[in-house]
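Each value in this text was obtained by applying a stated rule to the coordinates, not by laboratory testing. On a predicted model such as this, the values are computed, not experimentally measured, just so you know. Glycine also receives a Cβ, built like all others from the backbone with ideal geometry; neighbour counts cover every protein chain displayed.
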């Protein structure tokens, strides 16, 4: 591992918060989970892979799902706490192998992977250039990279900034409260799509497809609309609103050049 990569690697216990159970976090977020599965199905429809890596995949929430598209899936997760939960969650998914790894140092042979999935990870990476380069290294030429990230330029945010006579900043925006900002805390940022696109191009990827995700993420809408109605609308909005980068979650399908 290079010295540059080493700067991005944290101690494993920095990812373990005994007060936070990520599996429990998804209770009540069935719409968001279904919206993410819908995006993956759309972006991978008709494709099959031999080897996939779910980078920062937590307890394997989506690792199990992408076995529908890949013969083998490696869950690359830095948190031992998450991997302990994964041991139970993935017990009926023998094609998923869990490894304690970090995105900046995947410890895999160059050009050995067909598909990389990276969902709900970029908000912990204010400067993801090294991670993107590492993903490009392990992917085969022409390999597929599915990237999801928290969008700072979503529709509502653009209105908020516009009312103040400002534009959405292109640099990552730290959304933690002042009380949670500390040097030893994991960052939590939202990214601007234009900046992410520039970074992934620099890392050796080209853009194939975009989707706007979780377009109805709202506690109020969840009370007003049935889950079936919300998912039907999400299915309509994902491609329709993609050119506007409207949703709080943006999905990119990328190809390694």
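Observations, loosely collected:
- Computed extension length for residue 45-residue 224: 61.3 nm, one decimal, from 0.36 nm per residue of separation with the Cα-Cα distance subtracted.
- Taking 20 Å as the cut-off, the amide N atoms of segment 237-251 that come nearer than this to a point 7 Å along the Cα-to-beta-carbon line of residue 186 belong to 249-250.
- Label zone at residue 201 (point 7 Å along Cα-to-Cβ), backbone N below 18 Å, segment 207-242: 207-211
- Within segment 46-71: backbone nitrogen closer than 17 Å to the residue 107 label point (7 Å, Cα to C-beta): 53-58
- Among 105, 84, sorting on how many other beta-carbon atoms sit within 10 Å of each Cβ, with the fewest leading, yields 84, 105.
- Shape category assigned to the chain from the gyration tensor of Cα positions, a/c cut at 1.5: rounded
- Helical content alone sets the calculated 222 nm signal of the chain at -9000 deg cm²/dmol, taking -39,500 (n - 2.57) per DSSP H segment of four or more residues and averaging over every residue.
- Potential lengthening of the chain between residue 24 and residue 158 amounts to 45.1 nm, from the contour at 0.36 nm per residue minus the alpha-carbon distance.
- Per-residue extension of 0.36 nm, minus the Cα-Cα distance of residue 166 and residue 95, leaves a gain of 20.7 nm for this segment.
- Each label was represented as a point 7 Å from its Cα along the Cα-to-Cβ direction; for residue 194 and residue 175 these points are 2.0 nm apart.
- Burial ranking of peptide ranges 21-30, 48-57 (average Cβ count within 10 Å, highest at the top): 48-57, 21-30
- Between 211, 117, 101, the GNM of the chain built on Cα springs shorter than 10 angstrom shows 101 fluctuating the most.
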